[in-house]
Amino acid sequence: MLAVLVGGSYLLGKKYDLYIFDLDGTIIDSHDLMKKCIGQCYRIVDKDPDFDLFFSMMGDSIINIFNKLDLPLELITLYKKISDENINEIKVFQDTLKVIEFLANENKIITIYTGKDWQRAKKILSYLEIDHYFDYILTSDKVEYPKPDPQGIFQIIKKFDVSPSKTLFIGDSAYDVYSSNAAKIDSVLVTWKKSMGQVQQLKPKYICSTPLELFKC
């Protein structure tokens, strides 16, 4: 398959040297499992789930999200337990993996910046056998200010000594766009789990509805 993708594009290979990927909704499909986990937490406190608010905060730390949802922080343990016990429900977006494989073959710097904590992110990447693709993984518990603050992006750029103009963020959430804009780097908002109406109002620099569209830009 990779043979037909040789040549790259403006976004993949010709302009950027450092690629920062979000995890959930971009590389992996964990939407239904996250909905199951947070739904169970709401049931414990006998409240109606606010799934829209929950998913609107993707990229922030789980502690911040629970605080904003007014859920007891003690339930984070339950959330993570359900997630761990059902890790087999998480799948890789195979076409995103093709993009990552292409970038690896082009010797690009490939990183992840996710709202997940370090332990869960590493466990999932290892379980899916894709952890070896990434030069660096940054999680929300490793920064003082997670997304939508740009601190994590600055940390990655500094680590690899790459110009912001040579850095591209690829993610699926509003917080990905906000943090990229604050860091003054280009971003691609991916919509393979969203409708166009949900994302156009964010005004990202680029929008791609399928991973393979990245090869055409």
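Quick notes on this structure:
- Among the residues making up region 118-142, those that are crowded, with 16+ Cβ neighbours inside 10 Å and over 17 Å from residue 84 (Cβ atoms) are 130, 133, 134, 137, 138, 140.
- Region 197-217 residues that are at pLDDT 75 or above, paired with ones that are of a type in the set (S, T, N, Q) (beta carbon under 6 Å, 6 or more apart): 204/187; 205/187; 209/191; 211/96; 215/9
- Members of region 60-92 that are without any contact (Cβ under 8 Å) to a residue 60 or more places away in the chain, open to solvent by less than 20 Å² (accessible area, probe 1.4 Å) and outside any helix (DSSP H, G or I): 69, 71
- Within region 93-120, the set of residues being in contact with an Asp or Glu (Cβ under 9 Å, 6 or more places away or on another chain) and either in a helix (DSSP H, G or I) or of a type outside the set (Phe, Trp, Tyr) (or both) comprises 108, 109, 110, 111, 112, 114, 115, 116, 117, 118, 119, 120.
- In the set (1) touching a residue at least 12 places away in the same chain (Cβ under 8 Å); (2) open to solvent by 10 Å² or more (accessible area, probe 1.4 Å), residue 111 fails one condition alone, (2).
- Taken over region 155-179, residues that are hydrophobic (A, V, I, L, M, F, W, C) and within 16 Å of the chain's Cα centre (by Cα) amount to 6.
- Look at (1) among the aliphatic types (A, V, I, L, M); (2) touching a strand residue (DSSP E or B) at 6+ places or on another chain (Cβ under 6 Å); (3) free of Cβ contacts under 8 Å to residues at least 40 places away in the same chain and you find that residue 168 fails only one, number (3).
- From the list 193, 159, 116, the lone residue that is at pLDDT 95 or above, among the basic types (Lys, Arg) and closer than 13 Å to residue 24 by Cα is 116.
- Residues in region 33-59 that are over 21 Å from residue 175 (Cα atoms) and hydroxyl-bearing (Ser, Thr, Tyr): 42 alone.
The values are calculated or read from the model by the stated rules, or taken from the named source; none is laboratory data. Note that the coordinates shown come from a computational prediction; the quantities given were computed from them, not determined experimentally. Cβ coordinates were reconstructed from backbone atoms using ideal geometry, including for glycine residues, and neighbour counts include every protein chain displayed. Please note that ligands, DNA and RNA were not included when accessible areas were found on the heavy atoms of the full protein model with its side chains. Shrake-Rupley method; radii C 1.70, N 1.55, O 1.52, S 1.80 Å.
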